[in-house]
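Structure first, commentary second.
A short reminder: the numbers here are calculations on the coordinates, not readings from a lab. As the structure is a prediction and not an experimental result, all values here were calculated from the model. Note: ideal-geometry Cβ built from the backbone for every residue, glycine included; neighbour counts use all protein chains shown.
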Amino acid sequence: MVATGAVVAPAEKPAASSGHYRRSWAGWGFLAPFALVFALVFLAPIAYSIYLSVFQDKLIGGNSFVGLDNYKQALTDAAFYDSIWRVSLFLVVQVPIMLFLALLAALAIDGGRLYGASLFRISIFLPYAVPAVVATLMWGFMYGSQFGLVGSINDFFGISLPDPLSPTWVLASIGNIVTWEFVGYNMLIFYAALRVIPVSLYEAAAIDGASEVRIIRAIKLPAIRGALVIATIFSIIGSFQLFNEPNILQNVAPNAISTQYTPNFYAYSLSFSGQQYNYSATIAIIMGLLTMAVAYVVQLRGMRKAL
């Protein structure tokens, strides 16, 4: 028996076992391969680009540190501003059209009233499986007013269709190629989001006598808002990274597509044709920051509306 009022000493905490530390280091061990690859293929190139952007290769003195001089030059570069304006116009026009078509396709498949839905889904997604280079070459051939589909239509019907590879229409032609390639990809994002909507919501809507249009507006669209935001962000990033299509089409439309047609094409031309590696790295860093800022704003606005 313990005497009344006696103070019992608290039990000492057992010392941390060596197994606890082994488990802690085991977690870092699993993380290490990813961290190493991430540092080598993501962080290291960015750090090296930043390093290049603060130097300049001069005739006298060689590669010299110039601080922010390259950034100041980029901010006054008319060719750079022209390329940004072009991809911004491309983004504002092409992305909404592409996402709208993808959303329509996803809603049509999810509605369950489309005959041959599986074939329809595969047919729309199939262009995404075609490499961008192959797709651009294929469309470039069809666009040809002298040798391609447009030229054949002109000769057969005796008409004169607008040249898709002319300076006036080439940006719209590129937008058509990108839309054809990525409608299926975005459709799958929307369709996957639609498939996880609880069936109970549809049953409640049916009891209330809601029409299909009402169901889309009140249930489906709010439920896939997150998917819409993600697809929009991916599309924004893709628009600012536009490179393959203008680079390949330049061979058949040299008068319509210049080496500074898009920011990525401009940076590529500066680096590989002009040997201006430092200024090219500066353009790449600025475009990376601009893309990140625009995508972040879209994410904030999209998620805020979702809440």
- Task: Please name which of T232, S123, G175 has its Cα lying farthest along the dipole of the chain towards the positive end, using unit charges on Cβ (Lys, Arg +1; Asp, Glu -1) and the Cα centre as origin.
- Result: T232
- Note on the structure: the range 246-279 and the range 143-175 have their Cα centres apart by a whole-number Å value of 23 Å
- Sparsely packed chymotrypsin sites (Phe, Trp or Tyr not before Pro) within the range 103-171, loop by DSSP, other Cβ within 10 Å at most 14: Y115, F147
- Rounded to whole Hz and in sequence order, give me ³J(HN,Hα) for the range 239-256 from the Karplus expression 6.51 cos²θ - 1.76 cosθ + 1.60, θ = phi - 60°, writing x for Gly and Pro. 5, 5, 9, 3, 8, 4, 5, x, 5, 7, 5, 4, 5, 9, 9, x, 7, 9
- Dimensions in Å of the chain - Rg and Dmax from alpha carbons: 27.9, 115
- Message: Can you give the local net charge around V130? Use residues other than it whose beta-carbon is closer than 15 angstrom to its beta-carbon, Lys and Arg +1, Asp and Glu -1.
- Response: -2
- Note the angle between two axes, namely the Cα long axis of helix 117-129 and the longest principal axis of the Cα atoms of the chain, as a number of degrees from 0 to 90, rounded to the nearest 10. 80 degrees
- Message: Angle check, please: helix 18-38 long axis (alpha carbons) against the longest principal axis of the chain (alpha carbons), in degrees 0 to 90, nearest 10.
- Response: 10 degrees
- Return the long-range amide H neighbours of F55 (sequence gap of 5 or more, or a different chain), with a cut-off of under 5 Å between placed amide H atoms. V66
- Task: Give the peptides 259-265, 45-51 in descending order of average Cβ contacts within 10 Å, highest first.
- Result: 259-265, 45-51
- Message: Explain nothing, just the number: dipole magnitude of the chain about its Cα centre with +1 on each Lys and Arg Cβ and -1 on each Asp and Glu Cβ, in debye rounded to the nearest 20.
- Response: 980 debye
- What residue among I124, I216, I237 has the largest mean-square fluctuation in a Gaussian network model of the chain, using Cα springs under 10 Å? I216
- Item | Residue among N176, N255, N70 with the largest mean-square fluctuation in a Gaussian network model of the chain, springs linking Cα atoms under 10 Å | N255
- Residue by residue through the range 42-54, the couplings from Karplus 6.51 cos²θ - 1.76 cosθ + 1.60 with θ = phi - 60°, in Hz, x for Gly and Pro, are 10, 6, 5, x, 5, 4, 5, 5, 4, 4, 5, 5, 9
- Query: So what's the net charge close to Q56: Lys and Arg +1, Asp and Glu -1, counting the other residues with Cβ under 13 Å from its Cβ?
  - Reply: 0
